[in-house]
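> I have a structure here, written as structure tokens, and I will follow up with some questions on it.
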Amino acid sequence: MTRMRAKRNIPARMERCKERWFDEPMLNKGHWRQACGFAEDVPVWLEIGCGKGKFCTEMAAAHPEVLYIAMERDASVTLAAVEKAHEMELPNLFFIRGDAGLIENYFDEDEIDRIYLNFSDPWTRQNKPKRRLTYRAFLDKYKVMMKKGSSVCFKTDNDELFDFSLGEFEECGFALTEVTRDLHNSEYEKDNIRTEFEQKFADQGIPIKRVVAVMQ
Ligand SMILES: C[S@@+](CC[C@H](N)C(=O)[O-])C[C@H]1O[C@@H](n2cnc3c(N)ncnc32)[C@H](O)[C@@H]1O
């Protein structure tokens, strides 16, 4: 999978879309709905590692009733997603340029109604499981931010990461639902929105794994 070439003029281009993202997202901790101009009962969905923004823009367009926050740590990739959202004029999609390792600085207890992790870096070659976004230390952080009964929706092409993640979800007390090792040929495909990486893997004939892990 080729890496994206670094974009030029990132600060100036981010500035042009400044109503789409937050320079100091930690200031919104505990009041994201208010900060984004939404009512207190609006569900908040968070995507971590959103890439160039295909999934988050399509999800936000399909779910105008939801406040969708997308987080990405790479500056060029964030810019691509922010510009896409800006072009589409989506009123319910906002971005954080930041690292999931610091997520507890951005969200308060019970603030999130759903989390999406799509094709997170597998860290298999370097054998660094602690860096995986489904490692138990991350899941424990997510649990604090998530409402009871809410879920983490996880998709990957990678069998090793998938098996690891199922174990970590169970270890952290999540119930595994809607588990499939071939999403595109399953009953869940009809509501599925494909991400950039998902489409590339599907084009190569690689089956997509998916689980919805529900917090008990
Ligand atoms: C393999 S790409 C998948 C992109 C997109 N979700 C998709 O499915 O097309 C993983 C993305 O997650 C981002 N990422 C990885 N670790 C992250 C972290 N700790 N915090 C925020 N973003 C992260 C990477 O920069 C990259 O854009």
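> Evaluate 2.2 N^0.38 Å with N set to the residue count of the range 127-216, then give the Cα radius of gyration divided by it.
1.09
> Let me ask something additional. Taking Cα centroids, how far is the range 165-216 from the range 55-113 in Å?
Centre-to-centre (Cα) distance: 20 Å.
> Quick check: residue separation of residue 127 and residue 191 times 0.36 nm, minus the Cα distance between them. What number comes out in nm?
Between residue 127 and residue 191, full extension yields 19.7 nm more.
> Lys and Arg at +1, Asp and Glu at -1: add these up for the other residues within a Cβ distance under 10 Å of residue 200 and post the number.
Computed value for this residue: -3.
> Could you sort the peptides 185-194, 59-68 by per-residue average Cβ neighbour count (10 Å cutoff), highest mean leading?
Numbers: 185-194: 12.5, 59-68: 17.7.
Highest to lowest by the protection proxy: 59-68, 185-194.
> Run the reach check for residue 143 against aspartates and glutamates, Cα to Cα strictly under 14 Å, same-chain hits fewer than 8 apart removed. What comes back?
Answer for residue 143, where 14 Å is the Cα cut-off: 104, 108, 109, 110, 111, 113, 168, 170, 171, listed by chain and number.
> What number, rounded to the nearest 500 deg cm²/dmol, is the helix-based mean residue ellipticity at 222 nm of the chain, given -39500 (n - 2.57) per DSSP H run of at least four residues and division by all its residues? It would help to have the intermediate numbers written out before the result.
On the way: 7 runs with 65 residues, N = 216.
Only helices count here, giving -8500 deg cm²/dmol.
> In nm, what is the difference between 0.36 nm times the number of residues separating residue 216 and residue 40 and their Cα-Cα distance?
Difference between extended and current length: 61.0 nm.
> Okay, moving on. What ³J(HN,Hα) values, in whole Hz, does the Karplus curve 6.51 cos²θ - 1.76 cosθ + 1.60 give for the range 136-141 when θ = phi - 60°, with x put for Gly and Pro?
My calculation for the range 136-141 gives 4, 5, 5, 4, 5, 5 Hz in order.
> Of the beta bridges DSSP finds with both residues in the chain, what % are antiparallel, to the nearest 5?
The antiparallel fraction comes to roughly 35 percent.
> Take the cross-link list 84/128; 29/209; 128/155; 54/155; 54/147; 52/141 and give me the ones stretching past 22 Å between alpha-carbons.
84/128; 29/209; 54/147; 52/141
> Find the relative contact order for the range 1-104 and round it to a whole percent, using C-alpha pairs within less than 8 Å whose residues are 6+ positions apart. Before the final figure, lay out the partial values.
Details: 146 pairs, mean separation 34.1, N = 104.
Result for the range 1-104 is 33 percent.
Taken together, the values in this text are just the output of simple stated rules run on the coordinates, not laboratory data. Every value quoted in this text rests on a predicted model; they were computed, and no experiment measured them. In this analysis, Cβ positions are derived from the backbone assuming ideal geometry, glycine residues included, and neighbour counts consider all displayed protein chains.
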